Amino acid sequence: MNTSIVGKQFDLTEPIKAYIDSAVDSLKKYNLDVISVRTVISADEKNGKKGFSVEFAINMAHKNTVVIQQKDKDVYAAIDLAIERAKKVLRRHHDKITNHKKSEAQIIEDVTLEGSDDEIVPMRLDSYKPIEVEDAMNELRASDKQFMVFHDMDDKFRVMYKKSDGRFGLY
């Protein structure tokens, strides 16, 4: 990973460079293909108040460049805030890449019970379209099923079941 540190209207000292290098090294833990990180630190003075602006431009393979800008009165605080935002972006990208959901074929293989002739067979829902709770209750009442799984109008999975006293329960 290539790193470059630039100071605009600001003299970079060795401690600041070392601090930025250690902060950028902390981004390696996400195992992403980070090609380069360009850091620009500039000193701003508005209305007699001093402030610092830190910008990280992170170039990754197979992804657009991520640019993070942060302003603060203290240069170290601005660096810390920008690095935290960069970590959040990289963590989200890492989570998207390393999605641990199993495919349907793997689920079927995992569900087969060992040492038994019984097998759990996955079934698809009858309808993936959202339906009203009242319609689901009427459908369950008309069938001989004990329970029914469906999407409600808020696009949540719901389970409706028949109670022994003839009423219905809903999860």
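General observations
- In segment 104-126 there is at least one residue matching the filter, namely being modelled with pLDDT under 85 and of a type in the set (Ser, Thr, Tyr).
- Residue within segment 53-60 that is touching a Lys or Arg at 6+ places or on another chain (Cβ under 7 Å), closer than 18 Å to residue 84 by Cα and crowded, with 18+ Cβ neighbours inside 10 Å present: yes
- Subset of segment 12-34 [outside any helix (DSSP H, G or I) and either surrounded by 15 or more Cβ atoms within 10 Å (Cβ to Cβ) or at pLDDT 90 or above (or both)]: 12, 13, 32, 34
- Segment 1-22: number of residues that are over 21 Å from residue 61 (Cβ atoms) and touching a helix residue (DSSP H, G or I) at 6+ places or on another chain (Cβ under 9 Å): 7
- Restricting attention to segment 39-61 and to residues that are charged (D, E, K, R) and in contact with a strand residue (DSSP E or B) (Cβ under 9 Å, 6 or more places away or on another chain), the residue that is modelled with the lowest pLDDT turns out to be 45.
- Test: residue 82 is in the same structural domain as residue 11 (by TED's automatic domain parsing) and surrounded by 15 or more Cβ atoms within 10 Å (Cβ to Cβ): yes
- Pairing residues of segment 32-48 that are closer than 17 Å to residue 9 by Cβ with residues that are of a type in the set (Lys, Arg) and surrounded by 14 or more Cβ atoms within 10 Å (Cβ to Cβ), at Cβ distances under 9 Å and at least 6 apart in sequence or on separate chains, gives 44/71.
- Whichever residue in segment 89-101 is of a type in the set (Lys, Arg) and under 9 Å from the mean Cα position of the chain (by Cα) and, among such residues, is surrounded by the most Cβ atoms within 10 Å (Cβ to Cβ): 91
The values are calculated or read from the model by the stated rules, or taken from the named source; none is laboratory data. From a predicted model like this one, the values you see are computed outputs, not experimental measurements. Note that each Cβ is placed from the backbone with ideal geometry, even for glycine, and that neighbours are counted across all protein chains shown.
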